[in-house]
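Read the structure below first, then the notes.
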Amino acid sequence: MFSLDYIIGQHHAASLGVLILCFIWLLLKKREILQGMRAESYNPVFIVLGLVLLAFSLLMPAVWVFLVFQLLLAWLAVFIIFFGKGMLIQSILLGIYGFSISFPLIVEKFAELPYSKTIISPATWILTLSGYPLESHGQLISFLSSTGEPISVLVTSACAGPATMGVFIAIFALMMLDTPLPRGKAGYVFVFGIVGTWVQSFIRLIILLLVGYYRGGAALWTAHSWTIYILFPLWYLIFLYVYFYVYKKINC
């Protein structure tokens with residue numbers, strides 16, 4: 001799980017990035033956590049809650065994507081047993097990390113086809129309208145490259161960006177915890193972020209199909225591995241600028 005191939009594989013680096021951000025935020029809030037630990041925390045409710053969470057973490061099915069979450073949940077359970085009142089920040093952070101790894105799996109299980117079609121339909125429509133010979137059948141996109149190489153691409157829900165969407169929502173939650181916006185403004189900024197995250201996934205698919213058309217299948221798969229690590233950070237820099245612009249405008 002700590003190999004480079006695993007970390008930069010599909011979905012993996014996204015959740016790892018959220019986990020690192022959660023640990024950074026944990027360090028930034030260490031004073032509040034220590035204050036909670038020093039408070040009177042003996043309470044049967046916290047002990048029962050901690051034991052229940054500990055049992056749940058130990059009895060969860062051993063699924064690779066949840067292994068780190070299981071370990072952290074067990075640590076949180078023990079913490080709650082001994083320092084119940086200081087659990088709030090850690091619980092929120094673990095919930096944010098858990099959401100980031102669960103969201104892509106939920107989409108894959110319950111909305112595989114409709115989620116993937118949200119970028120397949122507009123992407124194929126735009127490229128076909130632009131004169132590229134694409135054919136779309138469900139989640140399968142087929143075309144001949146400029147050199148005559150037949151290429152078929154199965155666009156799953158993962159290609160539509162649920163991992164990056166989960167990461168965006170998780171990071172937005174962290175930002176709201178640290179530098180919160182008023183509820184009304186936060187709603188507009190959040191919607192802007194959701195739309196922008198979808199757009200960068202849409203642009204990624206367009207780029208992949210164009211790379212495949214002009215450079216062939218091998219180049220398409222190389223681009224598939226790396227474009228997400230270029231497009232999403234660039235998009236999030238734009239979102240950060242907008243977020244803090246709104247924050248400063250409100251607080252100045």
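The values are calculated or read from the model by the stated rules, or taken from the named source; none is laboratory data. This one's a predicted model, so the numbers in the text were calculated from it and none came from an experiment. In this analysis, Cβ positions are derived from the backbone assuming ideal geometry, glycine residues included, and neighbour counts consider all displayed protein chains.
Brief remarks on what is shown
- Any hit, segment 63-80, residues being in a loop (DSSP other than H, G, I, E, B), modelled with pLDDT under 95 and loosely packed, with under 14 Cβ neighbours inside 10 Å: yes
- Condition met for I89 (out of contact with any strand residue (DSSP E or B) (no Cβ under 8 Å at 6 or more places or on another chain), of a type in the set (V, I, T) and farther than 24 Å from V167 by Cα): no
- If you go through segment 8-45 and keep only what is surrounded by fewer than 12 Cβ atoms within 10 Å (Cβ to Cβ), modelled with pLDDT under 85 and hydrophobic (A, V, I, L, M, F, W, C), you end up with just A39.
Every residue, every condition in (1) outside any helix (DSSP H, G or I); (2) under 30 Å from L67 (Cβ atoms); (3) at pLDDT below 90; (4) not hydrophobic (A, V, I, L, M, F, W, C), yes or no:
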residue: I89; (1), (2), (3), (4): no, yes, no, no
residue: I92; (1), (2), (3), (4): no, yes, no, no
residue: I96; (1), (2), (3), (4): no, yes, no, no
residue: F99; (1), (2), (3), (4): no, yes, no, no
residue: K109; (1), (2), (3), (4): no, yes, yes, yes
residue: W125; (1), (2), (3), (4): no, no, no, no
residue: G131; (1), (2), (3), (4): yes, no, no, yes
residue: F143; (1), (2), (3), (4): yes, no, no, no
residue: T147; (1), (2), (3), (4): yes, no, yes, yes
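- Residues that are at pLDDT 90 or above, over 18 Å from the mean Cα position of the chain (by Cα) and among the aliphatic types (A, V, I, L, M), drawn from segment 224-252: V242, V246
- If the condition is being assigned to a helix (DSSP H, G or I), polar (S, T, N, Q) and in contact (Cβ under 8 Å) with a residue 12 or more places away in the chain, then segment 192-244 contributes T197, Q200, S201, S225.
- Unmet requirement for D178, which otherwise passes all of (1) at pLDDT below 95; (2) out of contact with any Phe, Trp or Tyr (no Cβ under 9 Å at 6 or more places or on another chain): (2)
- In segment 147-187, the qualifying residues are those that are free of Cβ contacts under 8 Å to residues at least 40 places away in the same chain and in contact with a Ser or Thr (Cβ under 8 Å, 6 or more places away or on another chain), and the one that is farthest from Y229 (Cα to Cα) is P150.
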